[in-house]
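The values are calculated or read from the model by the stated rules, or taken from the named source; none is laboratory data. Not measured: the values here are computed from a predicted model. Ideal geometry is used to build each Cβ from the backbone, glycine not excepted, and the neighbour counts take in all protein chains shown. Note: areas computed on protein heavy atoms with side chains; ligands, DNA, RNA excluded. Shrake-Rupley method; radii C 1.70, N 1.55, O 1.52, S 1.80 Å.
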Protein chains: 4
Amino acid sequence: MRGILVTSDREQAVFEAGIKLGALYHQWVGTPISRHSAASIEAAIEKAVILQPFVEEITVKLDRSLMTENRFGYSELCGLMYDVEIVTRVGFSYCRARLVPEKGYPFMSVVECNEISGISYH
Amino acid sequence: MRGILVTSDREQAVFEAGIKLGALYHQWVGTPISRHSAASIEAAIEKAVILQPFVEEITVKLDRSLMTENRFGYSELCGLMYDVEIVTRVGFSYCRARLVPEKGYPFMSVVECNEISGISYH
Amino acid sequence: MRGILVTSDREQAVFEAGIKLGALYHQWVGTPISRHSAASIEAAIEKAVILQPFVEEITVKLDRSLMTENRFGYSELCGLMYDVEIVTRVGFSYCRARLVPEKGYPFMSVVECNEISGISYH
Amino acid sequence: MRGILVTSDREQAVFEAGIKLGALYHQWVGTPISRHSAASIEAAIEKAVILQPFVEEITVKLDRSLMTENRFGYSELCGLMYDVEIVTRVGFSYCRARLVPEKGYPFMSVVECNEISGISYH
């Protein structure tokens, strides 16, 4: 077993993407929601997440088709409604990650990592 | 000890006001927030609460003066930021209740109960 | 319309019961849970709620039969799992309220209000 | 810019650690708590987190010294109370990460990544 104590910028960007997806999931699950209010909730989530460190982009779409009305005419935000894409950046490294339903589970995954080469003067 | 099994409409309206204030408090505490995003969060809370049964009116103001920036430039929604007023109605009974800071505690209280007389035909 | 500015102890007890049920619902919805961990979550909810003002008793049972395993072997605490009974007291007035599923909706209701007569010396 | 579409097991372990820390933070912030109930909440958090995929170990300590009593005799779980260490594993890669206060901010960081060599037959 060998230990690598210092994580790279890329690993750090991956870590931050995980934090933000885990955080938003649990912050907002359970919120009363309907098709009419969904856009407002999407905007609020995006504006809350973009404040956090290392977040470059965040897009939140909530699946209206799952917003079936209970007998009082509304629904609750549940994990399977989320379609979220986030881009985090640490140094020159970017991580794009998603939260989308996959086989009935709200699945979070890294889509890709990119690194921008530093500018070289020569 | 005597039991009163059936609650009145007025008591029911009071109960519903309590539910909604308790619910919104815990749903939204911890949300990343800043002075720039506060209006979006206020709107989202209002739109979420108004969906729920027996809610007639809801006004949410979040105290910007408490949104001091942490070292990453944002804050977190905490209990003392809330200034909320809600009106619930059950039958002809209304309850107006508030959540506002009082001596350093986010205090929920019933402001007033009103009853509209039914229309009498004679 | 007539305004009743001062609420009675009984109304206050009803209000407090509503607050606590609304609060616990949204605080704990979304928690990862299984049949093995359910007792620990029940205990934690009870111990959190009993701390709050005006709470005399709290019993939380979570419906294990709804804890169906997702593909990673666990479930999430959802509103319909709750079977909660709470007793609040303000002065000599008690309110017993419940949160239980009713026709597919996590329903909160006042079960009964009781008043203890003050001790009379004569 | 070059894209690396497939993340390694190590990056995946880092991502999962981030998810779990972000999730638990927002799930539990705001919970009513006191020095007497803290152990119960710690146990509930640990039992909730260990259920989730890729989690090998989780230790949660909540800072009692910050549990100052409000005028009703309790406190609320806030971000700075957390001292959490988590180990996630994907394949042969482990990630140890923490959530601890650092200069007044609840800071999440990767402590180390380890890889166990696969068994070689020769």
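Listed values, structure above:
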item: Scope segment A:69-101; condition within 11 Å of another protein chain (Cβ to nearest Cβ), within 30 Å of C:Gly104 (Cβ to Cβ) and at pLDDT 95 or above; matching residues; result: A:Tyr74, A:Ser75, A:Glu76, A:Leu77, A:Cys78, A:Gly79, A:Leu80, A:Leu99
item: C:Leu99 over 10 Å from the mean Cα position of the chain (by Cα) and not in a loop (DSSP other than H, G, I, E, B); result: no
item: Residue within segment B:38-52 that is surrounded by 23 or more Cβ atoms within 10 Å (Cβ to Cβ) and not hydrophobic (A, V, I, L, M, F, W, C) present; result: no
item: Residues of segment B:41-55 satisfying the condition of being out of contact with any Phe, Trp or Tyr (no Cβ under 9 Å at 6 or more places or on another chain) and outside any loop (DSSP other than H, G, I, E, B); result: B:Glu42, B:Ala43, B:Glu46, B:Lys47, B:Val49, B:Val55
item: Checklist (1) of a type in the set (Phe, Trp, Tyr); (2) in a helix (DSSP H, G or I); (3) away from chain D (no Cβ under 14 Å) applied to A:Tyr25, failing item; result: (3)
item: Considering residues of segment D:1-22 that are within 21 Å of D:Tyr94 (Cβ to Cβ) and in a loop (DSSP other than H, G, I, E, B) only, the residue modelled with the lowest pLDDT; result: D:Val6
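Here's the yes/no breakdown for (1) under 18 Å from C:Cys113 (Cα atoms); (2) within 12 Å of chain B (Cβ to nearest Cβ); (3) among the polar types (S, T, N, Q); (4) under 13 Å from the mean Cα position of the chain (by Cα):
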residue	(1), (2), (3), (4)
C:Val14	yes, yes, no, yes
C:Ile19	yes, yes, no, yes
C:Ser37	no, no, yes, no
C:Ala48	no, yes, no, yes
C:Pro53	yes, yes, no, no
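A quick yes/no check of all residues on (1) in contact (Cβ under 8 Å) with a residue 24 or more places away in the chain; (2) in contact with a Ser or Thr (Cβ under 9 Å, 6 or more places away or on another chain); (3) open to solvent by less than 60 Å² (accessible area, probe 1.4 Å):
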{"position": "D:Val55", "(1), (2), (3)": "yes, yes, yes"}
{"position": "D:Thr68", "(1), (2), (3)": "no, yes, no"}
{"position": "D:Tyr82", "(1), (2), (3)": "yes, no, yes"}
{"position": "D:Glu102", "(1), (2), (3)": "no, yes, no"}
